[in-house]
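Each reported figure results from applying straightforward, stated rules to the coordinates on display, with no laboratory input. Just so it is clear, the structure is predicted and the values come from calculations on it, not from any experiment. All Cβ positions, even for glycine, are placed from backbone atoms using ideal geometry, and neighbour counts span all protein chains on display.
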Amino acid sequence: MNWKWLSLVVCLVVAACGGKTESKNEEEYVANSATDTGQPAAVDPVALGEALVKQNDCNTCHHKTNTLIGPAHTAVAQKYEFTEANVKLLAEKITKGGSGVWGQIPMAAHLGLSQDDAEAMARYVLSLDGEKEH
């Protein structure tokens, strides 16, 4: 095939698609997009927390349902009631680290996380106990 024709076909395909490519993580960022009114869409703190857990190193030591180095997220959710006080408590453990509650291996501090991000992550973890009302 002639390179000119190939280039033309590629240009037509891109033009027909509007030049838009969809991100694999597009759904995670929909909550941050603007609505038709130009106002920011409401952000679901649990969904934001889940995205932050995936973006950070949490899954190195924690798994959603299985114990690894640290407890499973569902075990944490079963241990702590979903209250604002516990959201703040767990957010502090996320940012400052801790030890002794789940064994002798300390949890590393995540000092680079904002309080809001750490609280969103804590809300996600606490939401994983399906038996509790939130």
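Some points to look at:
- Label point distance in nm, LEU111-ASP44, each placed 7 Å from Cα along Cα→Cβ: 3.5
- Residues whose amide H comes within less than 5 Å of that of MET107, counting only those at least five positions distant or on another chain, are GLY98, SER99 (H built at 1.01 Å from N in the peptide plane).
- The GluC sites (Glu not before Pro) of segment 58-128 meeting both criteria, a DSSP state outside H, G, I, E and B (loop) and at most 14 other C-beta atoms within 10 angstrom of the site's C-beta, are GLU81.
- Modelled spin labels at GLU92 and GLN104, positioned 7 Å past Cα toward Cβ, are 2.6 nm from each other.
- The charge dipole of segment 41-134, taken about its Cα centre with unit charges on the Cβ of Lys, Arg, Asp and Glu (plus for the first two, minus for the last two), comes to roughly 300 debye.
- Cα-based shape type of segment 79-134, given that a ≥ b ≥ c are square roots of the gyration tensor eigenvalues and the cut on a/c is 1.5: oblate
- Sequence of VAL46, VAL125 once ranked by neighbouring C-beta atoms within 10 Å, starting from the fewest: VAL46, VAL125
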